[in-house]
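Peer 1: Sharing a structure below in structure tokens format, with a few things to ask.
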Amino acid sequence: MNEKDKTLLDEIDTSTFKENEAVNVRKNGKAVTRKINDYIDIKTKEDGKGIDIYVKENTLLGIVHIPVIITESGLKDVVYNDFHIGKNSNVVILAGCGIHNDKHKDSRHDGIHRFFIEENANVKYTEKHYAQGAGDGRKILNPYTEINLGKNASMTMDSVQIKGVTSTIRQTKATIEEGATLVIKEKILTSNDQSAKTSFIVDLKGDGASCEVTSRSVATDNSYQEFKSNVTGDKNCYAHVSCDAIIKDDAKVKAVPEIYAKNASANLIHEAYIGKIQGEQLMKLMSLGLSEKQAEEEIIKGFLK
């Protein structure tokens, strides 16, 4: 890997990995680095279009890195990754994609991730998206995530779009069984003429199943964002979905909530807020010596923190 590759990796994960961590780095559609250990195995799918990650039962604290980088203009990369998380295991998964495109053709990555999380297992999944490059070729990222949470299992998903992504369609589907918990935190920043569309479809299937989705976004310039959520409660369950957005300039944000209770004991809540940076916030920071632009940047940084 060259310095450009390392710069991309450092934006979405890290370019250095510890000895006891499992690693699979994908560059321009091919695996360039792989490391496994006694409790985490990574295998290439038979068709070569993705990997299977296996975490053994009772793993105390496993760490897996699966970053993707694209530096080839005109490349359309599609990868299918399946995560098989054994009972009673505890694992941290660091994923994401960085694109560098200095030319005129579009560069695109579609990451299809499926999680099969067994009873009492705990997963923390972090996904970062970032793009750079002076070329007018688009930088496109389309993550699709499918989550299957077994009895009393839990998953925390932190999804961040840092900057530079021309367009993205982000889809997440989850099935949550008895006593299982899913927490999703999403943060998105768009600018210029960029667009970002997010869709969450969650089915709470078992008694005591719970879900919390928090989306925070900032849209500036002429960018467009769209947030859709569809939560269904089949049993005695709980869900809270919150969508908060700040818009600036000529940006547009659309929020479409849907909740469906199929049981009288299903407790489902959806909240949405779309607004602008408040004048008093700006004045307070400007009184400390910041310019208006610096004050806006600090407010946005704090909002997406």
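Peer 1: Quick one: would you say residue 15 is in contact with a Leu (Cβ under 8 Å, 6 or more places away or on another chain), among the polar types (S, T, N, Q) and assigned to a loop (DSSP other than H, G, I, E, B)?
Peer 2: So residue 15 fits the description; yes.
Peer 1: Which members of segment 181-222 meet the condition of being buried (at least 17 other Cβ atoms within 10 Å of the Cβ), of a type in the set (Val, Ile, Thr) and more than 13 Å from the chain's Cα centre (by Cα)?
Peer 2: 181, 190, 202, 218, 220
Peer 1: Mind counting the residues in segment 96-115 that are part of a strand (DSSP E or B), crowded, with 17+ Cβ neighbours inside 10 Å and without any contact (Cβ under 8 Å) to a residue 40 or more places away in the chain?
Peer 2: 4
Peer 1: Considering segment 116-148 alone, what residues qualify as being crowded, with 19+ Cβ neighbours inside 10 Å and either aromatic (Phe, Trp, Tyr) or free of Cβ contacts under 8 Å to residues at least 12 places away in the same chain (or both)?
Peer 2: Once the filter is applied, which keeps residues that are crowded, with 19+ Cβ neighbours inside 10 Å and either aromatic (Phe, Trp, Tyr) or free of Cβ contacts under 8 Å to residues at least 12 places away in the same chain (or both), segment 116-148 yields 125, 130.
Peer 1: Considering every residue within segment 70-78, establish whether at least one is more than 20 Å from the chain's Cα centre (by Cα), more than 17 Å from residue 128 (Cβ to Cβ) and among the hydrophobic types (A, V, I, L, M, F, W, C).
Peer 2: Looking for residues that are more than 20 Å from the chain's Cα centre (by Cα), more than 17 Å from residue 128 (Cβ to Cβ) and among the hydrophobic types (A, V, I, L, M, F, W, C), one finds at least one in segment 70-78, hence yes.
Peer 1: Looking at segment 46-68, is at least one residue part of a loop (DSSP other than H, G, I, E, B), open to solvent by less than 60 Å² (accessible area, probe 1.4 Å) and under 25 Å from residue 147 (Cα atoms)?
Peer 2: yes
The values are calculated or read from the model by the stated rules, or taken from the named source; none is laboratory data. Remember, predicted model here, so these are calculated numbers, not experimental data. Cβ atoms come from the backbone with ideal geometry, glycine included; neighbour counts cover every protein chain shown. Accessible surface is based on the protein model in full, side chains and every heavy atom, while ligands, DNA and RNA are left aside. Shrake-Rupley method; radii C 1.70, N 1.55, O 1.52, S 1.80 Å.
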